[in-house]
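A short worksheet on the structure shown next.
Just so it is clear, none of the values below were taken in a lab; they were calculated from the coordinates. This one's a predicted model, so the numbers in the text were calculated from it and none came from an experiment. Backbone-built Cβ (ideal geometry, glycine too); neighbour counts: all protein chains shown.
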Amino acid sequence: MNSFTIYPSQDYTTGEYFLKREIEGFYHSDYSSGGQWRVQGTIENIICTLKNDITPYPNDVLIKASQQLEQILLTDLPQITNFTKNNSLTVCVVPRAKVNYSPNQLLFKNTVSRVVNQLSSYINGTSYIIRHTDTKTTHRERGGYGGNGKMPYPNITKDTCQISFEIKGKDVLLVDDLYTKTINIDEDAIQALLDKGANSVMLYVVGKTISKY
């Protein structure tokens, strides 16, 4: 597992901030664009398989990817509590872009929930952020398949999601499958949690896109 710093980020067309402070982040491994998603067992393949929104995968493939993610999380998440010395982290998950998905498109969130329930140092808050309005599917928008909704803008999380009042006063570990600098989905979700009263927020992602900048 690796660590990185997420810096304040701004929408320079409006002057508004996605994120107003530095945040500590963790990631399992780098994520490469290109054909790596076709190679079974790679981070790219696990993430793309669990999204399950381009080529539908059979159940046995989905189950295997979920089990691989589970092992990654069982290895990484205890390291975070050991590193931070915080034994009471509430785990939230960045919701997918749309309101309605089939159960076999929600395996990432469900796997995170299953793992958190096995770890005594974590509180399960995976249902604390719920999407109520569609947004663009950013990883598909380049090909013209982003669907309904808007691309990321400051406060999109608060505008399109319901955030539980249970978040108030909690130290949160926000989990996502993939972090890509300049997209600002994670930054905006972090700021939304802070604005809703979270005591602190850290980010954990399975893959971190190799930055060109």
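Can you give the net charge of the other residues whose Cβ lies under 10 Å from the Cβ of MET202, counting K and R as +1 and D and E as -1? Could you put the intermediate results ahead of the total?
On the way: positive: none; negative: GLU24, ASP171.
Overall, the nearby charge balance is -2.
Using every alpha carbon pair in the stretch 2-209, what percent of pairs falls into each 10 Å bin from 0 up to the bin containing the largest distance?
Bin by bin from 0 Å, the calculated values are 8, 36, 40, 15, 1.
My understanding is that a pair violates if its Cα-Cα distance is over 20 Å; which of LYS168/LYS208; LYS158/LYS196; LYS64/LYS208; LYS20/LYS150; LYS64/LYS109 do that in this structure? Mind dumping the intermediate values first?
On the way: LYS168/LYS208 28 Å; LYS158/LYS196 9 Å; LYS64/LYS208 22 Å; LYS20/LYS150 22 Å; LYS64/LYS109 15 Å.
From LYS168/LYS208; LYS158/LYS196; LYS64/LYS208; LYS20/LYS150; LYS64/LYS109, over 20 Å: LYS168/LYS208; LYS64/LYS208; LYS20/LYS150.
If R₀ is 45 angstrom, what is the calculated FRET efficiency for the pair SER120 and ILE54, using the beta carbon separation as r and rounding to 0.05?
For R0 = 45 Å, the calculated efficiency reads 0.75.
Just to confirm a number: summing +1 for Lys and Arg and -1 for Asp and Glu over residues other than TYR153 whose beta-carbon lies under 9 angstrom from that of TYR153, what do you get? Show your work: numbers first, answer last.
Working: positive: LYS150; negative: ASP11, GLU16, ASP159, ASP188.
Residues close to TYR153 contribute a combined charge of -3.
How high is the FRET efficiency from SER102 to LYS64, r the C-beta distance, R0 25 Å, rounded to 0.05? Don't jump to the answer; show the numbers that get you there.
Numbers: r = 18 Å, r/R0 = 0.73.
For R0 = 25 Å, the calculated efficiency reads 0.85.
How many angstrom lie between the Cα centre of the stretch 162-179 and the Cα centre of the stretch 24-94?
Cα centres, the stretch 162-179 to the stretch 24-94: 17 Å.
Based on C-alpha coordinates, I'd like the Rg and Dmax of the stretch 48-108, in Å.
For the stretch 48-108, the Cα-based Rg and Dmax read 14.3, 41 Å.
Starting from the alpha-carbon convex hull of the stretch 84-135, give the projected area averaged over all orientations, in nm².
Numbers: hull surface 16.2 nm².
Average of the hull's projected areas for the stretch 84-135 equals 4.0 nm².
So, counting K/R as plus one and D/E as minus one, what does the shell of residues with Cβ under 9 Å around GLY125 add up to? Could the numbers behind the result be given before it?
On the way: positive: LYS170; negative: GLU166.
Here the charged neighbours net out to 0.
Ignoring everything except DSSP H segments at least 4 long, calculate the 222 nm mean residue ellipticity for the chain; use -39,500 (n - 2.57) per segment, divide by total residues, nearest 500.
Values: 6 runs with 65 residues, N = 213.
Value at 222 nm, helices only: -9000 deg cm²/dmol.
Using Cα-only point scatterers and the Debye equation, what is log10 of I(q)/I(0) for the stretch 32-149 at each q in 0.10, 0.15 Å⁻¹, rounded to two decimals?
These q points yield log10 I(q)/I(0) values of -0.35, -0.77.
Please check which bits of the stretch 1-40 a label hung off LYS158 would reach, taking the label as a point 7 Å along Cα-to-C-beta and the cut-off as backbone N under 14 Å.
16-21
Mind checking the full-extension length gain between THR75 and ILE130? Use 0.36 nm per residue of separation minus the Cα-Cα distance, one decimal, nm. Can you show the working numbers first?
Working: separation 55, 0.36 × 55 = 19.80 nm, distance 2.68 nm.
My answer for the length gained is 17.1 nm.
Treat the count of other C-beta atoms within 10 Å as a stand-in for reagent exposure and order ASP159, ASP176 from fewest to most.
Numbers: ASP159 14, ASP176 22.
The most exposed by this proxy come first: ASP159, ASP176.
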